[in-house]
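This report refers to the structure that appears directly beneath it.
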Amino acid sequence: MEPATQTHAHGATWSMAAQATLHCLTGCAIGEVLGMVIGTAFGLPNATTVVLSIALAFAFGYALTLRGVLRSGLDVRSAIRVALAADTVSIAVMELVDNGFVVAVPGAMDAGLTSMLFWVTLAGSLVIAFAVTTPVNKWMIGRGKGHAVVHSMH
């Protein structure tokens, strides 16, 4: 293990986990909101809207990590590997939770873009996803996985 990874493996804090989750949430939220807005605006079926939201959340989540990792001097192939290692589990948990919540709220998927139900449900889903994903990230960072991989790039 590299020294930076060893430090994280033995000293994962809630602050580290929250920062990693916030980073992940930023990309997920951009993709999630964009996917929901596009799907709702174009009247796409609910399942298509959810799939679009998930795909965009992964794309934006990985893109934000790639941007930072590429600035550290890694080549594109290595940067992609780091982004996949750092974000896949975190984004997957976040997407499972936030999409599950949106689908579970009666009428939320069918509410229009001008509906308060649409926006409150979407915002609430991201808050709940943050709360659920933070302990997952803490556990992963504590084992030198997830965002601990990215921290070794700094």
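Derivation of every value follows stated rules applied to the coordinates shown; laboratory data play no part. All values derive from a computational prediction rather than experimental measurement. Neighbour counts are summed over all protein chains in view; Cβ atoms, including those assigned to glycine, are modelled from backbone coordinates with ideal geometry.
For this structure, a couple of remarks:
- Residue tally, condition farther than 17 Å from ALA29 by Cα and not aromatic (Phe, Trp, Tyr), over the stretch 39-65: 7
- The residue of the stretch 100-110 that is farthest from the chain's Cα centre (by Cα), among those that are surrounded by 15 or more Cβ atoms within 10 Å (Cβ to Cβ) and in contact (Cβ under 8 Å) with a residue 60 or more places away in the chain, is MET109.
- Taken as a whole, the condition of being touching a helix residue (DSSP H, G or I) at 6+ places or on another chain (Cβ under 9 Å) and farther than 25 Å from TRP139 by Cβ applies to GLY107.
- Filtered residue count, the stretch 112-154, keeping only those that are in contact (Cβ under 8 Å) with a residue 60 or more places away in the chain and not in a helix (DSSP H, G or I): 9
- Selection within the stretch 49-76: residues that are hydroxyl-bearing (Ser, Thr, Tyr) and within 19 Å of the chain's Cα centre (by Cα). The member of this set that is nearest to GLN19 (Cα to Cα) is THR65.
- Applying the criterion of being touching a residue at least 60 places away in the same chain (Cβ under 8 Å) and not in a helix (DSSP H, G or I) to the residues of the stretch 36-93, the residue that is surrounded by the fewest Cβ atoms within 10 Å (Cβ to Cβ) is SER72.
- Number of the condition not met by ALA12 [criteria: (1) farther than 19 Å from ALA108 by Cβ; (2) assigned to a helix (DSSP H, G or I)]: (2)
- Verdict on THR48 being hydroxyl-bearing (Ser, Thr, Tyr) and under 21 Å from LEU126 (Cβ atoms): yes
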